[in-house]
Amino acid sequence: MKKPVWIRHASQLATLAGGSSAPVTGAGMNELAIIEDGSVWLENGVIERVGTDDELASVYRERAHEADVIDATGKLVTPGLIDPHTHLVHAGTRQNEFNMRLNGATYMDIMNNGGGIHATTAATRQATHEELYAESKRRLDQFLLHGVTTVEAKSGYGLTLEDELKQLEVAKKLHEEHPVDLVSTFMGAHAVPRAYKETPDAFVDLVVEQMIPEVARRKLAVFNDVFCERGVFTPEQSRRILEAGMRHGLLPKIHADEIEPYEGAELAASLGAVSADHLLRASDRGIELMAKAGVIAVLLPGTALFLMAESANGRKMIDRGVAVALSTDCNPGSSPTVSLPLMMNLGCLKMGMTPAEVLTAATINAAHAIRRAHEVGSIEVGKKADITIFDVPDFMTLQYRYGVNHVDTVIKQGTVIVAGGRRV
């Protein structure tokens with residue numbers, strides 16, 4: 001049996017309590033439920049009690065000797081961070097494309113000439129299961145060091161049944177063997193393979209009739225995603241793919257309106273998708289419909305930064321009632337980063353969000369975006385004991401001192417995994 005862990009004297013304990021039943025919207029995104037001189041008792045992998053240090057000291061005085069005590073004096077304690085949109089499992093890199101973009105090539109230019117997703121697909125197909133696991137594990141290790149305790153991981157770099165299954169099987173193994181929890185998304189509709197360039201509907205048939213049923217049969221994914229974008233999948237094709245997934249029990253997500261307005265947000269709302277992601281070019285009507293339908297906007301400021309594009313308008317979405325989450329979009333082409341804290345910084349600097357809103361977006365709303373808010377995303381009694389401790393005195397400083405990894409300690413299900421910024 002694990003020893004209890006007692007976190008004491010946090011300068012700020014940002015619990016994010018009260019948002020587990022529904023995504024947090026509007027003014028609520030600024031409410032962090034902070035306890036000063038905060039304390040948390042963790043036992044048997046779950047959160048047992050939360051309050052001020054004086055309150056917990058009175059309760060656990062007779063058991064204090066049993067616990068591993070963590071002195072959080074002068075530090076910020078938050079829920080473990082959650083990344084709700086990554087392409088974690090892939091092989092290869094695309095640093096050559098970075099230079100191409102600096103010289104004027106667009107994302108779609110590169111993709112249409114055999115680069116982009118197609119280049120990563122080739123590398124991922126060539127990689128063995130063992131090679132793919134080892135490469136993805138290194139990235140997951142880095143996520144952990146940046147305070148992330150739960151990660152969504154998409155397939156989509158196989159584009160054949162066999163290779164999509166390989167990606168999802170690697171993600172499953174990582175979930176079973178790595179401290180970080182993985183939640184898998186099937187994204188066989190990430191791009192139209194070059195072999196189907198002239199017959200894209202035939203590839204849609206393959207995704208709908210073969211891939212989705214087999215992924216669902218093997219229980220390898222929770223969600224089904226599609227890249228709805230001009231030159232990739234049309235809104236009509238995207239609807240067909242997402243509805244097929246729904247028939248097989250896969251919840252819909254969508255890459256929407258990244259390059260141009262393409263009715264992706266509207267489609268997400270009409271289907272009641274869990275989330276619509278990217279949204280750099282989402283229409284006002286699409287944002288309004290998402291708010292009414294309760295679709296979460298998963299915003300990816302690192303992608304806009306890396307593609308030298310204007311960021312999604314997080315301020316507008318929050319003000320119009322959309323629940324916003326933040327993510328790295330970790331992928332080899334448009335956002336090769338694992339730093340969710342940096343994404344929070346960019347949410348403030350590039351999207352008009354407040355320091356409190358970005359913390360909400362990377363914890364409880366991110367948990368809702370992967371349907372895990374019942375167990376993670378806030379520091380509340382009964383939830384998993386997933387905690388991140390930052391070596392800063394408050395949540396404002398976490399955003400003010402940008403671009404720095406302030407993670408001191410990471411606790412996963414009651415076990416200290418990172419201490420002093422290093423893996424234990």
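Computed quantities for the displayed model
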| read-out | value |
| --- | --- |
| Relative intensity, log₁₀ I(q)/I(0), of the range 336-377 from a Debye sum that treats every alpha carbon as a point, q = 0.24, 0.29 Å⁻¹ | -0.80, -0.94 |
| Convex hull volume of the range 79-173 per residue (C-alpha atoms, cubic angstrom) | 111 |
| Simple Cβ-charge dipole of the range 1-105, Lys/Arg +1 and Asp/Glu -1, about Cα centre, in debye nearest 20 | 480 |
| Accessible-area value, F395, 1.4 Å probe, nucleic acids and ligands omitted, Å² | 40 |
| Across K2/K166; K350/K384; K137/K412; K172/K197, pairs whose alpha-carbon gap is larger than 26 Å | K2/K166; K350/K384; K172/K197 |
| Rounded to 5, percent antiparallel among DSSP beta bridges of the chain | 50 |
| Between helix 129-145 and the chain: long-axis angle, C-alpha atoms, 0 to 90°, nearest 10 | 40 |
| Largest-first ordering by accessible area, 1.4 Å probe, given options C348, C330 | C348, C330 |
| Whichever lysines have a C-alpha closer than 19 Å to that of K253, once near sequence neighbours (fewer than 8 apart) are set aside | K154, K219, K292 |
| Pairs of Cα atoms farther than 20 Å apart, the range 38-109, % | 58 |
| Relative contact order (percent, whole number), the chain, Cα cutoff 8 Å, 6+ residue spacing | 21 |
| Cα centre as origin, Lys/Arg/Asp/Glu Cβ charges: the chain dipole, Debye | 360 |
| Cleavage-rule hits (GluC sites (Glu not before Pro)) in the range 156-242: DSSP loop, at most 14 neighbouring Cβ within 10 angstrom | E198 |
| By accessible area with a 1.4 Å probe, ligands and nucleic acids excluded, highest first: order of Y157, Y133 | Y133, Y157 |
| Farthest toward positive dipole pole in the range 170-328 [+1 Lys/Arg, -1 Asp/Glu at C-beta], among G264, I212, A195 | I212 |
| Chymotrypsin sites (Phe, Trp or Tyr not before Pro) lying in DSSP loop within the range 1-103, provided at most 13 other Cβ fall within 10 Å | none |
| Sequence-distant residues sharing a close amide H with S378 (under 5 Å, placed H) | none |
| Average silhouette area of the chain, convex hull of alpha-carbon atoms, in square nanometres | 18.8 |
| Note, ³J(HN,Hα) from phi for the range 104-115, Karplus 6.51, -1.76, 1.60, rounded to Hz, x at Gly and Pro | x, 6, 8, 4, 6, 4, 5, 5, 6, 9, x, x |
| Spherically averaged projected area of the range 327-424 from its Cα convex hull (nm²) | 6.9 |
| Given charges at beta-carbon only (K, R positive; D, E negative), |dipole| of the range 31-90 in Debye | 180 |
| Centre separation in Å (Cα based) which lies between the range 198-245 and the range 309-329 | 26 |
| Alpha-carbon centroids, the range 11-40 and the range 361-387: separation in whole Å | 11 |
| Residue (of H90, Q126, A64) at the positive-pole extreme of the range 45-126, dipole from beta-carbon charges | Q126 |
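The values are calculated or read from the model by the stated rules, or taken from the named source; none is laboratory data. Being a predicted model, the structure only gives us computed values, none of them experimental. Here the Cβ is made from the backbone with ideal geometry for all residues, glycine too, and neighbour counts use every protein chain on show. The area values use the complete protein model at the heavy-atom level, side chains included, leaving out ligands, DNA and RNA. Shrake-Rupley method; radii C 1.70, N 1.55, O 1.52, S 1.80 Å.
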